[in-house]
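Worksheet: one structure, shown below.
The values are calculated or read from the model by the stated rules, or taken from the named source; none is laboratory data. Keep in mind the model is a prediction, meaning the values are calculated, not measured. A quick note on method: Cβ atoms are made from the backbone with ideal geometry, for glycine too, and the neighbour counts reach across all protein chains shown.
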Amino acid sequence: MRVLVFGKSAKGISNEKNNFPFSKENQDGYFGSDISEVAKGHKVKDIKEYFHVYPKGRVPTQLEAEIREYYRLANEFAVQLLSWVQSYSPKDVSAKFSIDLKDMIANSEQTLLRILHYPPMTGNEEPGAIRAAEHEDINLLTILPAANEPGLQVLNKDGTWLDVPSDFGSLIINIGDMLQEASGGYFP
């Protein structure tokens, strides 16, 4: 599971972010826009910065209680969502799951909370750079709180792009490559 968080937590981290440079070994800590991702098939880095949090990973002290509680609640929610996916999958699809989907993340030290921030545009961005280039998510599920501005799109099976509503209080649930593989392609 990957969770993207916008707002208060991302802004609060700006005070301490440089005290937590990303760890190549653990893939936790702060990833500045200078080392941000380059989406598969693209050549220019996305214009974003983010903080990776794992159960035993490093987090800014001023936000530790809030981040750990959010992480716990998000994991509980993910377990519920994965239980529903399993329960409502056709029997021939759920038979392909090597273990219950919820058990794939139970007590996992690899479940990621990503606190993501898109910094304001300055006009000096690299030509062709955008905030997040088209990409597939690699995990079982991605849970995204709705952004406060439109822009997120999903690719329909027919190749058309659909705008995702940015209604306050909504959550967007994306299926990732791991769930696609575990379901034998049933979930794209």
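Keeping to the range 81-105, report how many residues are part of a loop (DSSP other than H, G, I, E, B) and without any contact (Cβ under 8 Å) to a residue 12 or more places away in the chain. Break it down into steps so the answer makes sense when it comes.
Filtering the range 81-105 down to residues part of a loop (DSSP other than H, G, I, E, B) leaves 89-90, 95-100, 105.
Narrowing the set further to residues that are without any contact (Cβ under 8 Å) to a residue 12 or more places away in the chain leaves 95, 99.
Residues in the range 81-105 being part of a loop (DSSP other than H, G, I, E, B) and without any contact (Cβ under 8 Å) to a residue 12 or more places away in the chain: 2 in total.
Listed residues 129, 106; which is among the hydrophobic types (A, V, I, L, M, F, W, C), under 16 Å from residue 49 (Cα atoms), surrounded by 12 or more Cβ atoms within 10 Å (Cβ to Cβ) and modelled with pLDDT under 90? Give the derivation first.
Working: 106 fails: under 16 Å from residue 49 (Cα atoms).
That would be 129, the only listed residue that is among the hydrophobic types (A, V, I, L, M, F, W, C), under 16 Å from residue 49 (Cα atoms), surrounded by 12 or more Cβ atoms within 10 Å (Cβ to Cβ) and modelled with pLDDT under 90.
If a residue has to be without any contact (Cβ under 8 Å) to a residue 60 or more places away in the chain and under 15 Å from the mean Cα position of the chain (by Cα) to count, how many in the range 154-175 make the cut? Outline the logic, then answer.
Of the range 154-175, the ones without any contact (Cβ under 8 Å) to a residue 60 or more places away in the chain are 154-172, 174-175.
Next cut, under 15 Å from the mean Cα position of the chain (by Cα) only: 154, 171-172, 174-175.
Total meeting the criteria: 5.
Residue 73 fails exactly one of the following numbered conditions: (1) crowded, with 17+ Cβ neighbours inside 10 Å; (2) farther than 24 Å from residue 183 by Cβ. What is the number of that condition?
(1)
Right, residue 143: of a type in the set (A, V, I, L, M, F, W, C), more than 24 Å from residue 169 (Cα to Cα) and surrounded by 12 or more Cβ atoms within 10 Å (Cβ to Cβ) or not? Write out each step before concluding.
Numbers: of a type in the set (A, V, I, L, M, F, W, C): yes; more than 24 Å from residue 169 (Cα to Cα): no; surrounded by 12 or more Cβ atoms within 10 Å (Cβ to Cβ): yes.
It is false that residue 143 is of a type in the set (A, V, I, L, M, F, W, C), more than 24 Å from residue 169 (Cα to Cα) and surrounded by 12 or more Cβ atoms within 10 Å (Cβ to Cβ).
Please enumerate the residues belonging to the range 57-70 that are touching a helix residue (DSSP H, G or I) at 6+ places or on another chain (Cβ under 8 Å) and crowded, with 18+ Cβ neighbours inside 10 Å. Show your work before the answer.
Initially, the range 57-70 is screened for residues touching a helix residue (DSSP H, G or I) at 6+ places or on another chain (Cβ under 8 Å), giving 59-60, 62-63, 66-67, 70.
Hits for the range 57-70 are 59, 60, 63, 67.
Could you tell me how many of the residues in the range 1-26 are surrounded by 13 or more Cβ atoms within 10 Å (Cβ to Cβ), part of a loop (DSSP other than H, G, I, E, B) and modelled with pLDDT under 85?
Of the residues in that region, 4 qualify.
May I ask you to verify whether residue 92 is exposed (fewer than 15 other Cβ atoms within 10 Å of the Cβ) and among the acidic types (Asp, Glu)?
Answer is yes for this residue.
Return only the number of the condition from (1) touching a strand residue (DSSP E or B) at 6+ places or on another chain (Cβ under 6 Å); (2) polar (S, T, N, Q); (3) in contact (Cβ under 8 Å) with a residue 60 or more places away in the chain that residue 183 does not satisfy.
It is condition (1) that residue 183 fails.
So which residues in the range 155-164 are at pLDDT below 90 and surrounded by 12 or more Cβ atoms within 10 Å (Cβ to Cβ), if there are any at all? First the steps, then the outcome.
Taking the range 155-164 as the starting set, the residues that turn out to be at pLDDT below 90 are 155-157.
Across the range 155-164, the qualifying residue is only 155.
Looking at 122, 111, which one is more than 17 Å from the chain's Cα centre (by Cα) and among the hydroxyl-bearing types (Ser, Thr, Tyr)?
Details: 111 fails: more than 17 Å from the chain's Cα centre (by Cα).
None of the others qualify; the one that does is 122.
So in the range 27-54, with the set limited to residues that are assigned to a loop (DSSP other than H, G, I, E, B) and charged (D, E, K, R), which one is farthest from the chain's Cα centre (by Cα)?
Here is the first cut: in the range 27-54, the residues assigned to a loop (DSSP other than H, G, I, E, B) are 27-28, 32-48, 54.
Right, trim to charged (D, E, K, R) and you get 28, 34, 37, 40, 43, 45-46, 48.
Details: 28: 14, 34: 19, 37: 13, 40: 16, 43: 21, 45: 17, 46: 14, 48: 13 Å.
Filtering the range 27-54 for residues that are assigned to a loop (DSSP other than H, G, I, E, B) and charged (D, E, K, R), the one farthest from the chain's Cα centre (by Cα) comes out as 43.
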